[in-house]
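Okay, so here's the structure we're looking at.
The values are calculated or read from the model by the stated rules, or taken from the named source; none is laboratory data. Here the structure is a predicted model, which is why all the values come from computation and not from measurement. Glycine also receives a Cβ, built like all others from the backbone with ideal geometry; neighbour counts cover every protein chain displayed. These accessible areas exclude ligands, DNA and RNA; they are computed on the full protein's heavy atoms, side chains included. Shrake-Rupley method; radii C 1.70, N 1.55, O 1.52, S 1.80 Å.
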Amino acid sequence: MNQKFFALIILIFLITCCTKETNTNKSMQNLYKDFSYKVDPETFDLTITVDGKEKSVSGGQDKMKVADLKKSNDGVSWEYPEKSVNVTIKKENNYLDITIKSTEKKGIKNEFVWPLVSDKYYSLPFGEGKYIPADDKYFSEYLDAMEIDPLEYFSMSFFSASDNDTAFVYIIKNIFNNKIKFDTKNSIGFQFSHDFTSITDDPEYGFRIYVTENNPVNIAKIYKNYIAEQKKFKTLAEKAEENKNITKLFGAVHIYLFDKTVISDEDINWAKFREYLSSDSMNHIESLIINHSENSQEVINVFEQIKNQDYVDQYQKNIISQALSQSLLLQEFYDEKAFPLKGQKAEELLNKGIGNLNEMEIIELNKQILSLNFPGVFKPYETWSADRNINLIKGIHSSGITRAWLGLDDWTQAYISPQMLEYAESIGFLTAPYDSYHSIHEPLKEKWNTATFSDNTLYENATITDENGKKISGFQNVGRKLNPVLSLSAVKERVGNILDTGAKFNSWFIDCDATGEIYDDYSKNHVTAKQQDLEARMKRISYLAVDKHMVTGSEGGNDFAAPYIAFAHGIELQSFSWMDDDMSKNKESMYYIGKYYSADGGVPEKMSLEIPVKEKYKKIFLDNSYNIPLYKLVYNDSVITTYHWDWSTFKIKDEVQNRMLYEILYNVPSLYHLDKFQWTKYKDRIIKHYEVWSPFSREAVMREMTDFRVLSDDRLVQLTQYGDDIKVVANFSDGEFKYEGDIINPHSLIIYNKDKKIVYIPE
């Protein structure tokens, strides 16, 4: 075929391709706009004509050699022989279907770039959702030269670009091995590319492109219809049919409990304690502290100080009680010479052999031994730390908070006080350990228990290797990443061991599995593609949800996990402290998030310290003028979502009031970090907010979010609607706003529920 003839054929394909006739009902016609398209195969420039106007779907690239060009009644296809790629475009009833397929043999890596997107506004599923003007200075700075994997950075598998009136919705058909690279030199734009890896079994990617009005509701509902069509949407009501405990999440606040105190300062008679400071028993305890405590020198100094005092001050009480608590967790605590008195219960445990005891039994043994060998020093060991665990939960419940999800930072907390879980379950609370299988540490060098596995072969034989032959580092560059395909047996073993102690968890939080941080593993003995990695993660979530009947949630909440989880931490506000040294490293900075340490054994400073946030991060992550509820418009009645635990409700100074408004407007549970001290500090504010939010959420969570509107020019007055009969109008601005005859005061909202109005101003 000569070049002139070929060019003529190319021009033929630049003509408009018409839309098929549709039989959609009125509501569907309002959602989907009619359009025609044209494409230049040489540059892959694609435009759509809608409402008489031609608009760009993708800008053109440098000309590429085209072969095997074919046209049919509803589409076109061609090949890029020099790129080893085939392209097929087909016009369906409501969308344009685009498939890009590699023609390379399996084992040969390939890459292709398309589309090139540039428009006036973007609706992107960053977490809950962001509406970003292309000329916005804050997002231009934030996104400048950024390259992301949309599977990880997007909570859902689509993006939207729009002008003032019309939006294009690009649904990503293959969610694996994609990259989006932003360019903000003139205004925000980006290019999308796909890696056809050497180990993939699916050498194609593509998009469904829909045309609709430029509003978040239409954009999100198009995606929701797609998810339903793929049979990937499951309501909370359907999930609750399989596990009725899921209903306990409805209207429940989310609370993390961090206190691992085994014995508190209130459990000790300090005058009698001083009498034993030189005993063999105390010398043994001091040696354990020296060998196992991170602040051992500080503890030993306090021991020496109180030997020369006739009192013990509060700081010293805290230091000693926390050191004792840490030592009581150790298998090495019991020593026959140091602790001659045993008692019947201790004898029964010792007869099993210390090496055969589980962690709960070890702690039980140690508490009995300590109590018996220091007569008159301690309260009855059965009551130790009651004020810091079970009494805290009783106080929360008696205050009127009847629905709560309690997450334990460490399942060891359940071993310290198993009666705490029993009581929580008896009053209808959910309790969950924080669990993870993302990282594994070198055997005998483990830094935390979630990275510790009894199978020592996993570190060498089941960790992930990149395509350059290098092992991928674990969280905070410690250890390695564990291949989930090879770790299900380890999951079953750990979960079984925890539950076999008698710890009565009815919920489970699994770290990382819904974040989209997944990997291709090029290890020679266990090559694993990203799709297999993700499927294995969903399999272990299903194991917890189905086999163990747990109310299951995960960090992140990206929607590939939506059918499997009931709740997620991170959609509403992701972790971002790592982006700035002043937040993550500079301990002298006012923005420092805090150390993972607590002097009194309760909530770590990282979780309890209230801090301001720099203006640029406040704009990107908190400013409600950018927020749009894309995720809630799709998943409000499917997944309950809140913040990453770094950014609890009270964490950010000057934003608490706005976040409380956000929690009602978007139906988001508050997230708190509590111990007895934090509960005392925040109790009144928590109760007041719960009294408004919880009854509202119990109704809203069973409904689809049906509407969202921005009511003011500054975008700071917003409306959400749930079902047909519940509306919320929130005013995040500093001025009054009039809505249908009602004055909505600054930083307040009104809930319209059938014939009732609830006015709420958070404190």
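Could you list, in sequence order, the residues of region 137-157 that are under 20 Å from K616 (Cα atoms), at pLDDT 95 or above and part of a loop (DSSP other than H, G, I, E, B)? Across region 137-157, the qualifying residues are D144, M146. Filtered by the rule that a residue be open to solvent by less than 30 Å² (accessible area, probe 1.4 Å) and assigned to a loop (DSSP other than H, G, I, E, B), region 300-316 gives a lone residue, V312. Hey, among D410, D435, D466, which residue is open to solvent by less than 10 Å² (accessible area, probe 1.4 Å) and either among the acidic types (D, E) or touching a Cys at 6+ places or on another chain (Cβ under 6 Å) (or both)? Step by step, each of D410, D435, D466 is checked, and only D435 is open to solvent by less than 10 Å² (accessible area, probe 1.4 Å) and either among the acidic types (D, E) or touching a Cys at 6+ places or on another chain (Cβ under 6 Å) (or both). Which pairs do you get when a residue that is over 16 Å from Y170 (Cβ atoms), found in region 213-242, comes within reach of a residue that is open to solvent by 30 Å² or more (accessible area, probe 1.4 Å) and assigned to a helix (DSSP H, G or I), reach meaning Cβ atoms under 7 angstrom, with the pair 6+ apart or on two chains? So the pair list comes out as A240/T247. For first residues located in region 604-622 and within 30 Å of T261 (Cα to Cα), partners that are of a type in the set (D, E) and outside any loop (DSSP other than H, G, I, E, B) and lie 6+ apart or on another chain with Cβ distances below 8 Å form the pairs K606/D646; M607/D646. Would you confirm, using the coordinates I've provided, whether E104 is modelled with pLDDT under 95, farther than 18 Å from I209 by Cα and either of a type in the set (D, E) or in contact with a strand residue (DSSP E or B) (Cβ under 7 Å, 6 or more places away or on another chain) (or both)? The answer is yes for E104.
Scan region 252-300 residue by residue and report those that are of a type outside the set (A, V, I, L, M, F, W, C) and touching a Pro at 6+ places or on another chain (Cβ under 7 Å).
Passing the criteria: only H254.
Of all residues in region 327-342, those satisfying the criterion of being under 18 Å from Y276 (Cβ atoms), open to solvent by less than 80 Å² (accessible area, probe 1.4 Å) and among the hydrophobic types (A, V, I, L, M, F, W, C) are L328, F333, A338, F339.
What strands (runs of 3 or more DSSP E), lying completely within region 720-763, carry at least 3 residues that are open to solvent by 50 Å² or more (accessible area, probe 1.4 Å) and more than 19 Å from D637 (Cα to Cα)? Spell out how you get there, then give the answer.
Details: elements: 726-731, 737-739, 742-744, 748-753, 756-760.
Those strands (runs of 3 or more DSSP E) span 756-760.
One residue stands out among those in region 282-299 that are over 14 Å from A338 (Cβ atoms) and among the aliphatic types (A, V, I, L, M): the one that is surrounded by the fewest Cβ atoms within 10 Å (Cβ to Cβ), which is I290.
Only a single criterion out of (1) surrounded by 13 or more Cβ atoms within 10 Å (Cβ to Cβ); (2) without any contact (Cβ under 8 Å) to a residue 40 or more places away in the chain; (3) of a type in the set (K, R) is not satisfied by K272, namely (2). Among the residues of region 87-113, those that are assigned to a loop (DSSP other than H, G, I, E, B), under 22 Å from V169 (Cβ atoms) and polar (S, T, N, Q) comprise N93, N94. Against the numbered list (1) open to solvent by less than 20 Å² (accessible area, probe 1.4 Å); (2) in contact with a Phe, Trp or Tyr (Cβ under 8 Å, 6 or more places away or on another chain), I593 comes up short only at (2). Of everything listed in (1) hydrophobic (A, V, I, L, M, F, W, C); (2) in a helix (DSSP H, G or I); (3) out of contact with any helix residue (DSSP H, G or I) (no Cβ under 6 Å at 6 or more places or on another chain), the single unmet condition for W693 is (3). The residues on offer are D513, D521, and the sole one that is open to solvent by less than 20 Å² (accessible area, probe 1.4 Å), among the acidic types (D, E) and within 23 Å of the chain's Cα centre (by Cα) is D513.
A count restricted to region 647-667 and to residues that are in contact with a helix residue (DSSP H, G or I) (Cβ under 8 Å, 6 or more places away or on another chain), among the charged types (D, E, K, R) and assigned to a helix (DSSP H, G or I) stands at 1. Taking G52, is it small (G, A, S) and touching a strand residue (DSSP E or B) at 6+ places or on another chain (Cβ under 8 Å)? Taking the combined requirement at face value, the residue does not satisfy it. Being touching a strand residue (DSSP E or B) at 6+ places or on another chain (Cβ under 8 Å) and open to solvent by 20 Å² or more (accessible area, probe 1.4 Å) is the filter here; which residues of region 343-378 pass it? S371, F378, listed by residue number.
Of the set (1) in a strand (DSSP E or B); (2) in contact with a helix residue (DSSP H, G or I) (Cβ under 9 Å, 6 or more places away or on another chain), all apply to V117 but (2).
Does A386 satisfy the condition of being without any contact (Cβ under 8 Å) to a residue 60 or more places away in the chain, crowded, with 19+ Cβ neighbours inside 10 Å and either over 20 Å from F509 (Cβ atoms) or touching a strand residue (DSSP E or B) at 6+ places or on another chain (Cβ under 6 Å) (or both)? It is false that A386 is without any contact (Cβ under 8 Å) to a residue 60 or more places away in the chain, crowded, with 19+ Cβ neighbours inside 10 Å and either over 20 Å from F509 (Cβ atoms) or touching a strand residue (DSSP E or B) at 6+ places or on another chain (Cβ under 6 Å) (or both). Can you list residue pairs whose Cβ atoms sit under 6 Å apart, with the first residue in region 552-567 being under 12 Å from F233 (Cα atoms) and modelled with pLDDT of 95 or more and the second being open to solvent by 10 Å² or more (accessible area, probe 1.4 Å) and part of a loop (DSSP other than H, G, I, E, B)? Count only pairs 6 or more apart in sequence or on different chains. Listed pairs, sorted by first residue: P563/K232; P563/K234.
Out of everything in region 270-299 that is aliphatic (A, V, I, L, M) and in a helix (DSSP H, G or I), what residue ends up being nearest to S321 (Cα to Cα)?
As a first pass, look at region 270-299 and keep what is aliphatic (A, V, I, L, M): 271, 277, 282, 285, 288-290, 299.
Among the residues that remain, those that are also in a helix (DSSP H, G or I) are: 271, 282, 285, 288-290, 299.
On the way: A271: 14, M282: 13, I285: 12, L288: 14, I289: 12, I290: 15, V299: 10 Å.
Taking the candidates together, the pick is V299.
Restricting attention to region 497-510, the residues that are hydroxyl-bearing (S, T, Y) and open to solvent by 10 Å² or more (accessible area, probe 1.4 Å) add up to 1.
For region 564-584, state whether one or more residues are of a type in the set (S, T, N, Q), in contact with a His (Cβ under 6 Å, 6 or more places away or on another chain) and either open to solvent by less than 20 Å² (accessible area, probe 1.4 Å) or more than 30 Å from K317 (Cβ to Cβ) (or both). Yes, the conditions are met somewhere in region 564-584.
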